[in-house]
Amino acid sequence: MSDRKNKLAGKIAVVTGASKGIGAAIAKHLAAEGAAVVVNYASSREGADRVVTEIAAQGGNAVAAQANVAKQKDIERLFAETHKAFGALDILVNNAGIYEGAPIGEITEENFHRHFDLNVLGLILATQEAIKHFGPAGGSIVNISSVVSTLSPAGMAVYNATKSAVDGLTRTFAKELGARKIRVNSVNPGPVETEGIHSAGILDKIQAYAAVTPLGRIGQPDDIAPAVVFLASPDSGWITGESLYLTGGLR
Ligand code: NDP
């Protein structure tokens, strides 16, 4: 592709939850920089195939891989398949996540476990499995957290708790994995218009943030992906354990 800079040439990346939304944009941007990308999805085979086709049409390299990132066996299979297809891993983007609002009176065990099983346990298990596949040169893990961990909006306590946990895990894993040259950072987006926001029927609620955002609009997936490329690339080689807020100034 004409504007390809190949900052990630020869690198292998896994992006969880890349069949749509922010994950799909991240997969496309990583591929545009030359990385071979595994486009993970849970159920949207069609969406993942579309992302792979778009990447191939731009001259990039990607494959779709189904795995429920809340399940350890699926995660093991995802990284085994990645290794088989491409070899050692360089980049993991822990993007798969869910968000369902529930004020305190409506929080249920089921709602709690659904969030924590994917947003927190899934991220831990994916990280644990991925590091078995990083080579001696190390690599980069980018966790997709959220501005909710500092904005703390009413009605989002459980989701907020998962993303606050992601920020903590990011800092601790950075310390544990530094000796292996594996950097761990997060990006914390503000409200971003995605398929997930549309299907949850909360676009109006999200759009309302534009009025209190210094840059005057909510985000799009393409506002987020370049920062992930930066954190995945050698340009950020001295950065680990950080959270980068991408919020149009909303934070
Ligand atoms: P979308 O709902 O648009 O997309 C979610 C993606 O995650 C899909 O590819 C979906 O795959 C995948 N996914 C869902 N469950 C699983 C699972 N169990 N295993 C593997 N993949 C799964 O979400 P967004 O793009 O809006 O959000 C992506 C991330 O960004 C999340 O972590 C979210 O918390 C975070 N975020 C989002 C913001 C926003 O305003 N949109 C703001 C801040 C952070 P499939 O379609 O196959 O189910």
| task | Within segment 192-251, report the chymotrypsin sites (Phe, Trp or Tyr not before Pro) that DSSP leaves as loop and that have at most 16 other Cβ atoms within 10 Å. | result | Trp238
| task | For segment 51-141, state which trypsin sites (Lys or Arg not before Pro) are in a DSSP loop and have at most 11 other beta carbons lying within 10 Å of their beta carbon. | result | Lys132
| message | Using the crude model of +1 on Lys and Arg Cβ and -1 on Asp and Glu Cβ, and no other charge, please compute the dipole size for segment 139-251 relative to its Cα centre, in debye to 20. | response | 400
| query | Looking at the square roots a ≥ b ≥ c of the eigenvalues of the Cα gyration tensor of the chain, which shape do they give, rounded for a/c under 1.5, prolate if a/b is larger than b/c, or oblate? | reply | rounded
| remark: Plugging the Cβ-Cβ distance of Phe112 and Arg180 into 1/(1 + (r/R0)^6) at R0 = 41 Å yields, to the nearest 0.05, a FRET efficiency of 0.80
| request: Using DSSP, restrict attention to beta bridges with both residues in the chain and report what percent are antiparallel, rounded to the nearest 5. | output: 0
| message | Loop only by DSSP, 15 or fewer other Cβ within 10 Å of the Cβ. Give me the trypsin sites (Lys or Arg not before Pro) in segment 168-241 that pass, ordered by residue number. | response | Lys181, Arg217
| request: Would you mind pulling out the separation of the Cα centroids of segment 186-219 and segment 1-79, in Å? | output: 23
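Bear in mind these aren't lab numbers, they're just calculated from the coordinates by the rules spelled out. Predicted model, so just to flag it, every value in this text is computed and none were measured. In this analysis, Cβ positions are derived from the backbone assuming ideal geometry, glycine residues included, and neighbour counts consider all displayed protein chains.
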